[in-house]
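> I'd like to ask you about the structure that follows.
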Amino acid sequence: ESVGRHYVIPRSPVRSIGDYREPDIVRFMGVAEAATVTTNLPAPFDSFTLEPGEIKTTWTKDNIVVSSDKPVMVGQVLLSNQYLSGPYFGDPSLTVLPAVEQARSEYRILSPSGWTQSWIVLTAPKAATTLLDGAAMEGCIVEPAGTIQGVAYESRRCLVQAGVHSVTGDQPFGLLAYGYGSAGSYALAAISPPT
């Protein structure tokens, strides 16, 4: 029940300078049953089958959406800082991404101190209103992500200060946290606060 069939996968906050956007590695894994997967990626990753335990890996510079007729898992791997344009910054980190079915309308997330940059990245319906620590989210990088089950989604990448943050919305959304240092990164999915 912790995996799902629909995913909105945001690209990580861009570390490169200039017009270059370093790609993220995307990894698909079959779970308990053979699954037919469709995405908005170019062929051959626009539609494929995953057997249980099978892994397929590709890359993208953009947000993507993923749908499957059976549950699958999707992971994201950040590239090594040696593949960036500009100074070395951040490093690989693997995140197993939550499905749209796991989206919530309230999260609490930690942006730990000691990192050069900390980000939160939302995957929200385009019409959703979201708040960071009770205030409107300003200065975020907003990009279209694609459509899942008739709902248009977008990613919202927001630079944040270190500390514990509350993120709320009027519709369920996904939330990831990223942090970059001179030779390290973290990336993790947010959890709902206790009820």
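> So what is the relative contact order for region 1-145, in percent, with contacts set as C-alpha pairs under 8 Å and at least six apart? Display every interim value, and only then the final one.
On the way: 268 pairs, mean separation 43.7, N = 145.
Taking the mean separation of contacting Cα pairs over the length of region 1-145, I get 30 percent.
> Of P112, V65, G75, which is farthest towards the positive pole of the chain's charge dipole, taken about the Cα centre with +1 and -1 on the beta-carbons of Lys, Arg and Asp, Glu respectively?
The residue sitting farthest along the positive end of the dipole is P112.
> Also, quick follow-up: Within region 43-181, what whole-number % of the accessible surface is contributed by carbon and sulfur, with the 1.4 Å probe and all protein chains included in the calculation? Write down the numbers at each step before the final one.
Details: 3500 of 6570 Å².
The computed percentage sits at 53.
> Just subtract the alpha-carbon distance of S2 and A189 from 0.36 nm times their residue separation and send over the number in nm, one decimal. Write out the running numbers ahead of the final one.
On the way: separation 187, 0.36 × 187 = 67.32 nm, distance 1.26 nm.
Stretched out fully, the S2 to A189 stretch lengthens by 66.1 nm.
> Enter the mean projected area of the convex hull around the alpha-carbon atoms of region 51-103, in nm², rounded to one decimal.
Details: hull surface 19.9 nm².
Taking a quarter of the hull surface, the average projection is 5.0 nm².
> If you stretched the chain out fully between Y83 and A136, how much longer would it get, using 0.36 nm times the residue separation minus the C-alpha to C-alpha distance?
15.6 nm
> Which whole-angstrom value gives the distance between the alpha carbon centres of region 59-128 and region 1-44?
Their Cα centres are 9 Å away from one another.
> Scan [x] 16.5; [y] 19.0; [z] 17.0 for the value of Kirkwood radius over Cα pairs in Å calculated from this model and give just the label.
[z]
> Among 48-61, 121-134, what's the highest-first ranking by average C-beta atoms within 10 angstrom per residue?
121-134, 48-61
> Would you work out the charge dipole size for region 42-167 about its Cα centre, treating the Cβ of every Lys and Arg as +1 and the Cβ of every Asp and Glu as -1, and quote it to the nearest 20 debye?
On the way: 8 positive and 12 negative charges, 33 e Å.
I would put it at about 160 debye.
> Another question, then. Once ligands and nucleic acids are excluded and a 1.4 Å probe is used, how much of Y20 is accessible, expressed in Å² to the nearest 10?
Near enough 80 Å² of accessible area.
The values are calculated or read from the model by the stated rules, or taken from the named source; none is laboratory data. Predicted model only: the values in this text are computed from it and were never measured. In this analysis, Cβ positions are derived from the backbone assuming ideal geometry, glycine residues included, and neighbour counts consider all displayed protein chains. Note: areas computed on protein heavy atoms with side chains; ligands, DNA, RNA excluded. Shrake-Rupley method; radii C 1.70, N 1.55, O 1.52, S 1.80 Å.
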